[in-house]
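Heads up, the thing below is written out as C-alpha cells.
Rule-based calculations on the coordinates, nothing more; no lab input. All figures in this text were calculated on a predicted structure; none of them were measured in a lab. Quick reminder, even Gly has a Cβ in these numbers, built from the backbone with ideal geometry, and neighbours come from all protein chains shown.
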Amino acid sequence: MPTENILKVNHLMINPIKQVENKLVNDVSFLLPKAKITCIVGESGSGKSLTALSIVKLLSSQLEFSGEIIFNRQKLHELNDKQLRSIRGSEIAMIFQDPMTSLNPVFTVGYQVAEAVLAHHKLTKNEARKITEKAFTDVGIPADRYDNYPDELSGGQRQRVMIAMAMINKPKLLIADEPTTALDVTVQKQVLDLIHNLQKKHQMTVLFITHDFGVVEDIADQVLVMYKGKIVEQGRAKSIIKNPKHPYTKALLKCIPSIHSKKILQPIDYLKLEREMAKL
Amino acid sequence: MYLSVKNLSKTYSKRSGFLNTKTSTIHALNNVSFDLDKGKCLAIVGESGSGKSTLAKIMMKLLDPDSGSIHLSKQDVLNIPKQKIKAYRKKIQMIFQDPFSSLNPKFTIGQIIAEPLEIHKMGTPTQIKANVAKFIKLVGLSDKDLSRYPHQFSGGQRQRICIARALIIEPDIIVCDEPVSALDVSIQAQILELLKALQKKLNLTYLFITHDLRVVKYIANEMIVLQNGKLVEQGAVNQVFKNPKTKYTQTLINSIPGSI
C-alpha cells in the first residue's frame, strides 16, 4: 500500500513584493508522508524557514507567494484569514527556534498554553486548566509550573512549554523551525527525544527544519536539502546521509565535525560548488 | 607550566523572597585547577550554568575570584597592580559568542580592528594602517572591507572581524567563548578551520569554551568538563572520549546528535 501524504506543496515561489526576479524560494514541490518526520536541511538564507512559514501563510506582508499548498484535501492557499485561524494551532501547529522570545513575559506559561485550548474549544477556564496541566506532565514539566512566568523557567523548559502548547490540540502536522538550535547539547537531546516520542505516540506528521545533519540522522525518515531557494536533493534520510548524490549535500556533510574520525573539516567552497552544479 | 590555574573558587549570592530578604549562595566555580602548555588548545566544556563563562571572565580580569591563583608565564595574574592590568590585557584577548552584538555598529571595520592598537599605543598611524590591512587579509577578508560597517557583513564574516581584532596586538592567549555556536554548520567549519590554521601559524594558545563535543574533538588537545562549577573530568581529548571517567561526561558524549 502506498503511503498516504498529508501535505502536498506544488511549485511554491516566494519573492519580495514587486521583485519577481528575486526568487527567495524557487519552484519548490514536495510531499509529506503521513506519520513520518521530514527534515528540511539548509544554511541560513536557503529558504527553509520561508517554505515552512508559507504552509500556514505566516509570511511577512512584504513577501508574496504563489503555488499550491494542499493539506488533507484542503487548498490552504485559497483560504482566508478566518478559515486559516481555525487550522493554525489546531490541525497544524508550530514550534519556533527561540523559546526566549516566543513566550509573552507578562502572562504565566499556564495561561498562555490554556489560551491555545480555549481558542479552538468551548470550555470553561477550569477545564482548560486541567487539560493544560495534563499537557505539561506529558512534556515533562511538573503541573505546578502552571503559575510560573516564562523568566522563571530555563531555556529547555520554555521549549517544552512551547511543545506542550503546540501539542495541546493534537495537531495532525507539527512544523518545528530549528527548535533545538538555541539549546545546550544535553537539553537538545532531551527535546529531540520528546518530539520523537510524541510523534510516535500520536502518529503525527512532523516537518522539522535544521541545519545540522547530526540531528537529521537522529530523527528523520525523509529529508529535503535546500540550497538558494531550491530543493537540490530529497529522499530517505538514511540513504542520503550514506550516499549523497548532489554536490551540495556532499559538501554540507563534509563540514560537520565528527567525534568518530579524524576527518578534516572542509568548509564549503561555493565557487567550486557552483561549477559542479553547472555541470549537472 | 605556561598557564597554571589552582583551586579557583567563585560564589555569587542570590537574593530572593519577600523584599529580597533571603540570601543564598551559588558556587559558580568550586576549586577548579588545570594547567596548559603554550601553543595548545584547552576546551572548557559544560552546559549553561556550569561556570565556564565565569572562568573566562576571571581569566580576562573582568571578575575577581574568591580564592585560588592563576599564573601566566610565571606572572601572578590575580595580584597584578591596577596600573598594570592594561599591560596584562595585551597578553590575553577574547572572542565572544555573538558576532552581532560584539561589534560597535557606528565604527567601520578598519576602526574596530585598529582600536586595540590605539588603546595600547602600538605604532604610528601609518604602521597601524599597514597592520590592520595585514590582519584583515589573514582572516580571509579584503582591505576593501575596511571602510564598511558591521551590518554589511554576515555572521561568519563578523566573527572573522572579531578574530582579527583579537589577534592584532599579538596576544599569547585567546579566550574563545562559544565562538561558533551562533553560526550555521558550514560557516562553523570555516571559522574552526581559520582558528586552527592561525593557531599553527602564530603559535597561539586557546582557551576554548563550548558545549559541543564535536567541536572539542576537532580543535582541542586537552579538555576539562565542568558541572555546576565543579571540575568533573580532565585529560587529553582522545583519552576522555575513549574512556570517560564520570557518568556526566558519558551523558554529554551520548547527547551528540547523529553518528556521521
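Our note on the geometry: Cα centres of segment A:35-54 and segment A:90-144, 25 Å apart. The calculated FRET efficiency for residue B:88 paired with residue B:154, based on their beta-carbon distance and R0 = 25 Å, is about 0.15. Considering only alpha-carbon pairs that sit under 8 angstrom and 6 or more positions apart, the relative contact order computed for segment B:104-170 is 49 percent. A simple charge model with +1 on the Cβ of Lys and Arg, -1 on the Cβ of Asp and Glu and nothing else charged puts the dipole of segment B:1-123 at about 320 debye relative to its Cα centre. Taking trypsin sites (Lys or Arg not before Pro) across segment B:70-108, the ones in a DSSP loop with at most 12 further Cβ atoms lying within 10 angstrom of their Cβ are B:74, B:106. Write out the GluC sites (Glu not before Pro) in segment A:1-58 meeting two conditions: DSSP loop, and at most 14 other Cβ atoms within 10 Å of their Cβ. The qualifying sites are A:4, A:21.
Each of residue B:124 and residue A:119 was given a label point 7 Å from its Cα along the Cα-to-Cβ line. The distance between the two points is 6.7 nm. Along the positive direction of the dipole of the protein assembly as shown (beta-carbon charges: Lys, Arg +1; Asp, Glu -1; about the Cα centre), which of A:255, A:99, B:235 reaches farthest? Sorting the options by dipole projection puts first B:235. Can you spot the lysines whose alpha carbon is less than 18 Å from residue B:137's alpha carbon? Ignore those fewer than 8 places along the same chain. Correct list for residue B:137: B:129, B:196, B:200, B:201.
Using a cutoff of 8 angstrom between alpha carbon atoms and counting only pairs six or more residues apart, the relative contact order for chain B works out to 26 percent.
Under 20 Å of direct C-alpha separation, and excluding same-chain neighbours fewer than eight residues apart, residue A:75 reaches these lysines: A:8, A:34, A:57, A:172. Dividing the summed -39500 (n - 2.57) terms of all DSSP H runs of n ≥ 4 by the residue count of chain B sets its mean residue ellipticity at 222 nm at -10000 deg cm²/dmol. Applying 1/(1 + (r/R0)^6) with R0 = 45 Å to the Cβ-Cβ distance of residue A:29 and residue B:79, what FRET efficiency is obtained, to the nearest 0.05? Using R0 = 45 Å, I get an efficiency of 0.10.
Which residue, A:49, A:60, A:29, has the most motion in a Gaussian network model of chain A that connects Cα atoms within less than 10 Å? Largest GNM mean-square fluctuation: A:60.
Give, as ranges by residue number, the residues of segment A:200-235 whose backbone N falls under 17 Å from the point 7 Å along Cα→Cβ of residue A:4. Once the point is set 7 Å along Cα→Cβ of residue A:4, A:200-206 turn out to lie under 17 Å by backbone N, inside segment A:200-235. About its Cα centre, the dipole of chain B is roughly 420 debye, where the only charges are +1 on Lys and Arg Cβ and -1 on Asp and Glu Cβ. Candidate membrane-span-like segments in chain B, meaning DSSP H helices with Cα atoms spread over at least 24 Å of their own axis and a Kyte-Doolittle mean of 0.0 or above, are B:185-202, with no membrane implied. In chain A, the calculated helix contribution to ellipticity at 222 nm averages -11000 deg cm²/dmol per residue, counting -39,500 (n - 2.57) for every DSSP H run with n ≥ 4.
Inter-part distance, segment A:162-201 to segment B:67-108, computed on C-alpha centroids, equals 40 Å.
Across chain A, the mean sequence separation of Cα contacts (distance under 8 Å, 6 or more residues apart), normalised by length, yields a relative contact order of 23 percent. Restriction of the trypsin sites (Lys or Arg not before Pro) in segment A:97-203 to DSSP coil positions whose beta-carbon has at most 16 other beta-carbons within 10 angstrom yields A:122.
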